[in-house]
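Just below is one structure, and these are the notes that go with it.
The values are calculated or read from the model by the stated rules, or taken from the named source; none is laboratory data. These numbers come from a predicted model, not from an experiment. When we count neighbours, we look across all protein chains shown, and the Cβ atoms used for this are built from the backbone with ideal geometry, even at glycine. Keep in mind that these areas ignore ligands, DNA and RNA; they rest on the heavy atoms of the full protein, side chains included. Shrake-Rupley method; radii C 1.70, N 1.55, O 1.52, S 1.80 Å.
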Amino acid sequence: RRVASARRGSRGPSAARSRIVVSCDREQDETLRVNDDRVAGSIGGSVIAREQFERIAGEFGFLQRADATSINEFRLVASFVRLPARKRLFCEGEHPQTLALLVSGAVRVFKTGRTGREITLYRIGAGETCILSVNAILNRQPIAAAATAAARVDAAAIPAEVLRDWVQ
């Protein structure tokens, strides 16, 4: 039901099936953002296929316990993405547009000090997600750190608006 209402939103029928696209932030660094079909430059996000869903569910037990309706909704709104090492996921101060559920690979979450030195806060791997992203999305606040793929990453990307709807 939530999917149907999101798909009938003002952004057209593709709004709930967001794709990951590359765009540059204020520092000219490539970051990943979820956007609709009006933005060019897709880097491989797509609707979750059954085989991809099985990989994701293998890492995230809540999907193994989900009912058929919830599984279908997840497959409709999430995107499966593959990111190369060193790809920036988000920059400090941005409002995250997506939550990544890591299926494989590693992500380094860090802050940049006043001197420009990067300080690693933590790393996330398969079966994990970034708690700072969750907090920023749910509270509609800018994220307090940056994140970069430390190794090639396969992930399910959930649009922020969908995550907020699921949590309500």
Checklist outcome for this item: Sequence order, the range 74-86: Karplus ³J(HN,Hα) from phi using 6.51 cos²θ - 1.76 cosθ + 1.60, θ = phi - 60°, Hz rounded, Gly and Pro as x, gives 4, 5, 6, 9, 7, 10, 9, 10, 10, 10, x, 4, 6
Item to check | Extension gain (nm, one decimal) between residue 135 and residue 51, 0.36 nm per residue minus Cα-Cα | outcome: 27.3 nm
Checklist outcome for this item: Debye calc, one equal point scatterer per Cα of the range 64-126, no solvent, log10 I(q)/I(0) at q = 0.19, 0.27, 0.28 1/Å comes to -0.90, -1.30, -1.33
Checklist outcome for this item: Amide H proximity to residue 127 below 5 Å, modelled H, separation 5+ or other chain, gives 102, 103
Checklist outcome for this item: Counting only protein heavy atoms and rolling a 1.4 Å probe, one gets per residue an accessible area for the range 71-155 in Å² of 47
Next on the checklist: List the trypsin sites (Lys or Arg not before Pro) within the range 114-168 that DSSP assigns to loop and that have no more than 13 neighbouring Cβ atoms inside 10 Å.
Outcome noted: 114, 117, 140
Checklist entry - Mind listing P(r) for the range 53-168? All alpha-carbon pairs, 10 Å bins, whole percents. => result 14, 45, 32, 8, 1, 0
Next on the checklist: Quick check: pseudo-label points 7 Å beyond the Cα along Cα→Cβ at residue 167 and residue 64, how many nm apart are they?
Outcome noted: 2.5
Checklist entry - What ³J(HN,Hα) values, in whole Hz, does the Karplus curve 6.51 cos²θ - 1.76 cosθ + 1.60 give for the range 128-143 when θ = phi - 60°, with x put for Gly and Pro? => result 10, 9, 8, 5, 5, 5, 4, 4, 5, 5, 5, 9, 6, 10, x, 7
Checklist outcome for this item: Karplus ³J(HN,Hα) for the range 104-109 (6.51 cos²θ - 1.76 cosθ + 1.60, θ = phi - 60°; Hz, whole; x = Gly/Pro) runs 7, x, 8, 10, 9, 9
Next on the checklist: Check which residues have an amide H placed less than 5 Å from residue 121's amide H, if you skip close sequence neighbours.
Outcome noted: 109, 110, 111
